[in-house]
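**Q** Before we start, here is the structure in question, set down as structure tokens.
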Amino acid sequence: MIWESLDAELKAIEAEGLTRRRRIVDSPCGPDMVADGKPVLAFCSNDYLGLANHPEIAEAMAEGARQWGAGSGASHLVSGHLRPHHQLEEALAAFVMRQRALYFSTGYMANLAMIPALVGRGDAVFADKLNHASLIDAVQLSRADSHRYRHLDLAHLESQLAASQAPRKMIVTDAIFSMDGDIAPLEELYELAEKYDTWLVIDDAHGFGVVGQGRGSAAAVKLIPSPRVLYMGTLGKAAGVSGAFVAGSAKVLEWLLQKARTYIFTTAASPAVACALQKSLELIAAGSERRAHLVTLIARLRLGLEPLCAERGWQLLDSPTPIQPLVIGDNEPTLALSRALLERGIWVPAIRPPTVAKGQARLRITLSAAHTVGQVDALVAALAECGPLKN
């Protein structure tokens, strides 16, 4: 039977230490959670500002549902573009200082919208090798020629751009890379986009709300608004709710509205979610203390981990962001360390191939403004107790 080969393939995945599993969470998102029936101190969410369980956002969603109902009933271009959606898009565009924004149900859908709508057969896309899977899939869907440049290697990128004869070109990058926590050189990428007349697509899933006074990575480096730049920010991470948006010039956003299949052919998100996001945006704008606390936590964690890395042979990647990757190496010791932490009531996920390169398995520690200094110290102490674990 056609499905019988799956047994052997699943066993092979398990033998390599690559089986993925879900934990059932019985509490709201936050540092203190209940996972698989046990209380844990969690360092695994992308809730960077601690807004996912904020009472004002929850109340805004509840009030939105009372006023607008639970569902939108149709796609945006039929009858599903309700007033809260429109207000949210206007607020997002103003906040990131762009002419217009479109709201999507997920960041994955936003990326699948942008790239195939702007390039196609015979065109060329130049993408950082460590870009998120959604960007990789979007390039494949576009049917444009795909060129992947070495991570953050601008010389390699420019050599590819200079050699290309494609009529339309596009540079695609994460702003903050989700597994390494490092930052793309957006100013230099923009200069290359200008020099070679290309689109520049920025996926700021992990920067929006956190850097640039919350306005994101483009604002942090004062990247000038340009029709060639499309900015994507997700709303289920630092914003604490769900969805994503694309912002840019009015003309380009109108083109996306007309051509982006994941916008045209899907039911609009719940208007209650749009109401919650408007409140979230207010809290992000007023969130300087949260962001300052997050910076303090990052410094505290790194200070505690650096001597441990020297002792154990671990590698703490150079990240100034809430994403703090602790590279262990092989899959089994990484899984063992994650399990040892969990036995001590601390939840940090083990990230393995294909999400990261072979031999680069790691603990992906993520910090939130909802964490305390004491909780960060507890994580460092638990890692110190776990010892140098071997296969």
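The values are calculated or read from the model by the stated rules, or taken from the named source; none is laboratory data. These figures come from a predicted structure and were not determined experimentally. Methodologically, a virtual Cβ is constructed for each residue, glycine included, from the backbone with ideal geometry; neighbour enumeration extends over all protein chains shown. Keep in mind that these areas ignore ligands, DNA and RNA; they rest on the heavy atoms of the full protein, side chains included. Shrake-Rupley method; radii C 1.70, N 1.55, O 1.52, S 1.80 Å.
**Q** Out of the residues in region 365-391 that are in a loop (DSSP other than H, G, I, E, B) and aliphatic (A, V, I, L, M), state the one that is nearest to the chain's Cα centre (by Cα).
**A** To start, the set of residues in region 365-391 that are in a loop (DSSP other than H, G, I, E, B) comprises 367-372, 387-391.
From the residues that got through so far, the ones that are aliphatic (A, V, I, L, M) too are 367, 369-370, 389.
Details: L367: 14, A369: 17, A370: 18, L389: 30 Å.
My answer is L367.
**Q** What is the number of the single condition among (1) in the same structural domain as L152 (by TED's automatic domain parsing); (2) without any contact (Cβ under 8 Å) to a residue 40 or more places away in the chain that C309 does not meet?
**A** All conditions pass for C309, except number (1).
**Q** Related question: On the given criteria, is S134 touching a Phe, Trp or Tyr at 6+ places or on another chain (Cβ under 7 Å), of a type in the set (G, A, S) and more than 30 Å from Q67 (Cα to Cα)? Give the derivation first.
**A** Details: touching a Phe, Trp or Tyr at 6+ places or on another chain (Cβ under 7 Å): yes; of a type in the set (G, A, S): yes; more than 30 Å from Q67 (Cα to Cα): yes.
Yes, satisfied.
**Q** Still on this structure, I have one more. I want to confirm something. Restricting to region 139-162 and keeping residues that are over 20 Å from V211 (Cβ atoms) and hydrophobic (A, V, I, L, M, F, W, C), which single residue is surrounded by the most Cβ atoms within 10 Å (Cβ to Cβ)? Show your work before the answer.
**A** Keep residues of region 139-162 that are over 20 Å from V211 (Cβ atoms), which gives 139-150, 153-162.
If we keep only those that are hydrophobic (A, V, I, L, M, F, W, C) as well, we get 139, 141, 144, 154-155, 157, 161-162.
Working: V139: 26, L141: 15, A144: 24, L154: 15, A155: 9, L157: 23, L161: 21, A162: 10.
Only one residue tops the list, namely V139.
**Q** Does region 44-64 hold any residues that are assigned to a helix (DSSP H, G or I) and open to solvent by less than 40 Å² (accessible area, probe 1.4 Å), and which are they?
**A** Residues of region 44-64 that are assigned to a helix (DSSP H, G or I), as a first pass: 55-64.
Once the filter is applied, which keeps residues that are assigned to a helix (DSSP H, G or I) and open to solvent by less than 40 Å² (accessible area, probe 1.4 Å), region 44-64 yields I57, A60, A62, G64.
**Q** Take the conditions surrounded by fewer than 18 Cβ atoms within 10 Å (Cβ to Cβ), in the same structural domain as A247 (by TED's automatic domain parsing) and either touching a strand residue (DSSP E or B) at 6+ places or on another chain (Cβ under 8 Å) or not polar (S, T, N, Q) (or both) and apply them to G71. Does it pass?
**A** Details: surrounded by fewer than 18 Cβ atoms within 10 Å (Cβ to Cβ): yes; in the same structural domain as A247 (by TED's automatic domain parsing): yes; either touching a strand residue (DSSP E or B) at 6+ places or on another chain (Cβ under 8 Å) or not polar (S, T, N, Q) (or both): yes.
So G71 fits the description; yes.
**Q** Using the structure shown, decide if S249 is out of contact with any Asp or Glu (no Cβ under 9 Å at 6 or more places or on another chain), over 19 Å from N46 (Cβ atoms), among the small types (G, A, S) and outside the structural domain of C29 (by TED's automatic domain parsing). Full working, then the answer.
**A** Working: out of contact with any Asp or Glu (no Cβ under 9 Å at 6 or more places or on another chain): yes; over 19 Å from N46 (Cβ atoms): yes; among the small types (G, A, S): yes; outside the structural domain of C29 (by TED's automatic domain parsing): yes.
For S249, the condition - out of contact with any Asp or Glu (no Cβ under 9 Å at 6 or more places or on another chain), over 19 Å from N46 (Cβ atoms), among the small types (G, A, S) and outside the structural domain of C29 (by TED's automatic domain parsing) - is met.
**Q** Considering only region 219-238, I want to know if a residue exists there that is within 21 Å of D180 (Cβ to Cβ), in contact with a Gly (Cβ under 6 Å, 6 or more places away or on another chain) and free of Cβ contacts under 8 Å to residues at least 40 places away in the same chain.
**A** Yes, region 219-238 contains at least one residue that is within 21 Å of D180 (Cβ to Cβ), in contact with a Gly (Cβ under 6 Å, 6 or more places away or on another chain) and free of Cβ contacts under 8 Å to residues at least 40 places away in the same chain.
**Q** Then there's this: Could you please give the count of residues in region 365-375 that are open to solvent by less than 20 Å² (accessible area, probe 1.4 Å), closer than 15 Å to E289 by Cα and out of contact with any helix residue (DSSP H, G or I) (no Cβ under 7 Å at 6 or more places or on another chain)?
**A** Total satisfying the criteria: 1.
**Q** Just name the residue that is least open to solvent (accessible area, probe 1.4 Å) out of those in region 90-106 that are in a helix (DSSP H, G or I) and under 15 Å from V273 (Cα atoms).
**A** Taking region 90-106 first, the residues in a helix (DSSP H, G or I) are 90-95.
Now drop any that are not under 15 Å from V273 (Cα atoms), which leaves 91-92.
Values: A91: 36, L92: 2 Å².
Among those residues, the one meeting the criterion is L92.
**Q** Identify, by number, the condition in (1) within 30 Å of S45 (Cβ to Cβ); (2) in contact (Cβ under 8 Å) with a residue 60 or more places away in the chain that L189 doesn't meet.
**A** Here L189 clears every test but (2).
**Q** Here's something else I'd like to know. Search region 343-364 for residues being hydrophobic (A, V, I, L, M, F, W, C), in a loop (DSSP other than H, G, I, E, B) and at pLDDT below 95, and hand back the single one that is surrounded by the most Cβ atoms within 10 Å (Cβ to Cβ). Let's see the steps before the verdict.
**A** Start the filter on region 343-364 by keeping residues that are hydrophobic (A, V, I, L, M, F, W, C), which leaves 346-348, 350-351, 356-357, 361, 363.
The next check asks that each one be in a loop (DSSP other than H, G, I, E, B); those that pass are 348, 356-357.
Cutting the leftovers down to at pLDDT below 95 gives us 356-357.
Working: V356: 18, A357: 11.
Only one residue fits best here, namely V356.
**Q** When you scan region 287-309, do you find a residue that is open to solvent by 60 Å² or more (accessible area, probe 1.4 Å) and assigned to a loop (DSSP other than H, G, I, E, B), even just one?
**A** Within region 287-309, not a single residue is open to solvent by 60 Å² or more (accessible area, probe 1.4 Å) and assigned to a loop (DSSP other than H, G, I, E, B).
**Q** Inside region 109-132, can you point out the residues that are in contact (Cβ under 8 Å) with a residue 60 or more places away in the chain and either open to solvent by 10 Å² or more (accessible area, probe 1.4 Å) or over 16 Å from G243 (Cβ atoms) (or both)?
**A** Taking region 109-132 first, the residues in contact (Cβ under 8 Å) with a residue 60 or more places away in the chain are 109-119, 126, 131-132.
Of everything in region 109-132, those that are in contact (Cβ under 8 Å) with a residue 60 or more places away in the chain and either open to solvent by 10 Å² or more (accessible area, probe 1.4 Å) or over 16 Å from G243 (Cβ atoms) (or both) turn out to be M109, L112, I115, P116, A117, L118, V119, F126, N131, H132.
**Q** When you look at T262, is it open to solvent by less than 50 Å² (accessible area, probe 1.4 Å), in a helix (DSSP H, G or I), hydroxyl-bearing (S, T, Y) and touching a residue at least 24 places away in the same chain (Cβ under 8 Å), yes or no? Before you say what the answer is, go through the steps one by one.
**A** Numbers: open to solvent by less than 50 Å² (accessible area, probe 1.4 Å): yes; in a helix (DSSP H, G or I): yes; hydroxyl-bearing (S, T, Y): yes; touching a residue at least 24 places away in the same chain (Cβ under 8 Å): yes.
Yes, satisfied.
**Q** Yes or no: region 72-81 includes at least one residue that is in a strand (DSSP E or B), modelled with pLDDT of 95 or more and in contact with a helix residue (DSSP H, G or I) (Cβ under 9 Å, 6 or more places away or on another chain). Working first, answer last.
**A** We begin by selecting, within region 72-81, every residue in a strand (DSSP E or B); these are 75.
Among the residues that remain, those that are also modelled with pLDDT of 95 or more are: 75.
Now narrow it down to the ones that are in contact with a helix residue (DSSP H, G or I) (Cβ under 9 Å, 6 or more places away or on another chain): 75.
Yes, region 72-81 has at least one match.
**Q** Restricting to region 376-391, what's the tally of residues that are open to solvent by less than 40 Å² (accessible area, probe 1.4 Å) and at pLDDT below 95?
**A** 2
**Q** Here is a further query. Taking A124 as the residue in question, decide whether it is closer than 16 Å to V229 by Cβ and not β-branched (V, I, T). I'd like the intermediate steps shown before the answer.
**A** On the way: closer than 16 Å to V229 by Cβ: no; not β-branched (V, I, T): yes.
Against the criterion (closer than 16 Å to V229 by Cβ and not β-branched (V, I, T)), A124 does not qualify.
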